[in-house]
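A short reminder: the numbers here are calculations on the coordinates, not readings from a lab. Here the structure is a predicted model, which means the values were calculated and not measured. We place every Cβ from the backbone using ideal geometry, glycine too, and count neighbours over all the protein chains shown.
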Amino acid sequence: GDVTKRMSLPMDIRLPPEFLKKLQMESEMESESNSSPCKPLSRMSRRASLSDIGFGKLETYVKLGKLGEGTYATVFKGRSKLTENLVALKEIRLEHEEGAPCTAIREVSLLKNLKHANIVTLHDIIHTERSLTLVFEYLDSDLKQYLDNCGNLMSMNNVKIFMFQLLRGLSYCHKRKILHRDLKPQNLLINDKGELKLADFGLARAKSVPTKTYSNEVVTLWYRPPEVLLGTTEYSTPIDMWGVGCILFEMATGRPMFPGSTVKEELHLVFRLLGTPTEESWPGISNNDEFRSYMFPQYRPQQLINHGLIIFLLFQYDTRARNSAEASLRHPYFLSLGEDIHSLADSKRHTHTHNALYPQITNHTTGIPTYDSKRHTHTMLYIHKSQIIQQGSPHMTVRDTHTQCFISTNHKSYNRDPHI
């Protein structure tokens with residue numbers, strides 16, 4: 001009761017006019033993206049929208065150390081005095097006029113309405129004269145660190161489990177007409193239970209995709225679809241799905257799929273592997289001035305060995321043919337996880353009574369997986385109440401824990417899955 005009261009914004013709290021103006025702009029942008037006429041926020045509706053945003057005081061949180069820093073934002077590891085839980089404090093400086101407040105408020109306005117087990121939770125917001133602090137749940141790793149820690153060698157079962165969680169979070173967003181627009185391993189956070197969560201929604205619903213984030217990180221081109229690289233402004237859910245395909249490939253092979261450093265190099269890497277687009281594979285491409293100006297050779301598509309079926313559907317040049325998140329969740333690739341995974345609850349509040357996906361997580365200090373030494377078996381997929389794969393399953397064996405982070409099921413080919 002008391003905690004709930006302290007976490008909500010009283011109706012009579014007045015935030016600075018410039019802060020409200022940014023919220024007003026975000027509301028208008030949201031209306032435009034949904035093709036509905038823009039209506040100014042009334043005083044009552046503005047206050048009502050603010051009352052939905054959690055509100056607290058800086059004194060509630062103890063800073064434990066710096067996790068990262070950029071031009072506009074600094075991220076700290078912290079602890080809540082109310083709950084004793086670890087949190088991530090994203091402190092955004094408001095003295096910078098360009099970029100920071102707008103992207104920060106966009107992230108706030110989106111995340112406060114996104115409640116899903118595979119999306120990072122925004123617990124609280126603290127607004128002072130100089131800064132806006134977003135208080136997130138703390139997750140100790142991200143997919144990039146996770147790949148680095150296991151020497152870029154993941155078991156195919158873990159790839160599948162992380163992929164399913166990524167698609168679940170993304171499907172939830174897409175059903176609500178929200179695009180992430182900056183999917184990459186660094187923005188997929190992972191906790192010690194093996195839960196994967198989408199984070200960093202700062203670019204979602206932006207008018208254009210900038211070259212730098214408000215943390216001053218260069219926005220990588222590696223996961224951007226060719227239509228964005230060639231200047232499209234007609235954003236829709238397929239732009240995220242291209243990034244999903246790139247992330248799947250990276251998890252399965254341990255290397256980025258298209259590591260280009262410039263737009264031209266990025267497109268060249270894509271076309272060299274998937275073939276130079278034609279009117280047949282990408283209707284309208286011959287009218288794209290940027291595409292014509294590059295004068296790419298006519299590459300033939302290469303076969304994606306071991307990654308044919310599901311990845312092929314994600315790497316369609318024609319966005320209308322590109323697989324959606326919801327359709328991907330139903331792909332035969334995930335059949336081995338069992339039917340129960342499709343009845344998982346969205347909300348984290350119900351995870352103790354419903355099934356949940358848990359891959360085998362590595363010990364990040366040693367790079368060696370933790371497992372029950374008496375049984376000498378890993379829990380690759382642990383599902384509450386009805387376990388799809390039981391602990392101690394005879395189908396799972398420990399491989400060389402000194403050279404590989406994870407074990408795999410007893411397939412003849414460690415990296416082969418007929419549905420990838």
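Taking neighbour Cβ counts within 10 Å as the exposure measure, how do Arg130, Arg93 sort from fewest upward? It would help to have the intermediate numbers written out before the result.
Values: Arg130 10, Arg93 17.
The most exposed by this proxy come first: Arg130, Arg93.
Under 5 Å between amide H atoms, partner at least 5 residues away or on a different chain: which partners does Val87 have, H built in plane at 1.01 Å?
Gly78, Arg79, Ser80
Which order do the peptides 157-167, 272-282, 287-297 take when ranked by the mean count of other beta-carbon atoms within 10 Å per residue, highest first?
Result, highest mean Cβ count within 10 Å first: 157-167, 272-282, 287-297.
Determine ³J(HN,Hα), in whole Hz, for all residues of segment 229-240 in sequence, where each value follows from phi through the Karplus function 6.51 cos²θ - 1.76 cosθ + 1.60 and θ = phi - 60°; x replaces Gly and Pro.
Coupling constants for segment 229-240: 4, 9, x, 5, 10, 8, 7, 8, 3, x, 5, 6 Hz.
Please give the FRET efficiency for Ser236 paired with Lys66, using the beta carbon to beta carbon distance and R0 = 35 Å, rounded to the nearest 0.05.
Numbers: r = 37 Å, r/R0 = 1.07.
Efficiency computed from Cβ-Cβ geometry: 0.40.
If a paramagnetic tag sat 7 Å from the Cα of Gln302 along the Cα-Cβ line, which residues of segment 251-274 would have the backbone N under 13 Å from that point?
256-259, 268-274
Suppose R0 equals 45 Å. What FRET efficiency, 1/(1 + (r/R0)^6) with r the Cβ-Cβ distance, do Arg272 and Glu326 give to the nearest 0.05?
So, using R0 = 45 Å, E works out to roughly 0.90.
5 Å is the cut-off here: which amide hydrogens, built 1.01 Å from N in the peptide plane, fall below it relative to Asn323, excluding neighbours closer than 5 in sequence?
Leu314, Gln316
What length, rounded to one decimal in nm, is gained on full extension from Asp148 through to Ser347, with 0.36 nm per residue of separation minus their alpha-carbon distance? Before the final figure, lay out each step's value.
Working: separation 199, 0.36 × 199 = 71.64 nm, distance 3.01 nm.
My answer for the length gained is 68.6 nm.
Along the Cα→Cβ direction, 7 angstrom out, place labels at Ser336 and Thr83. What is the inter-label distance in nm?
Result for the modelled spin labels: 3.5 nm.
I need Glu250, Glu137 ordered by Cβ neighbour count within 10 Å, fewest first.
On the way: Glu250 24, Glu137 17.
Lowest count first: Glu137, Glu250.
Here is the link list: Lys81/Lys144; Lys144/Lys193; Lys57/Lys77; Lys63/Lys197; Lys160/Lys197. Which ones come out longer than 20 Å on Cα distance?
Lys81/Lys144; Lys63/Lys197
When the chain is fully extended, how far beyond the present Cα-Cα distance does Tyr294 get from Arg255, taking 0.36 nm per residue of separation?
Numbers: separation 39, 0.36 × 39 = 14.04 nm, distance 2.64 nm.
Taking 0.36 nm per residue and subtracting the Cα distance, the gain is 11.4 nm.
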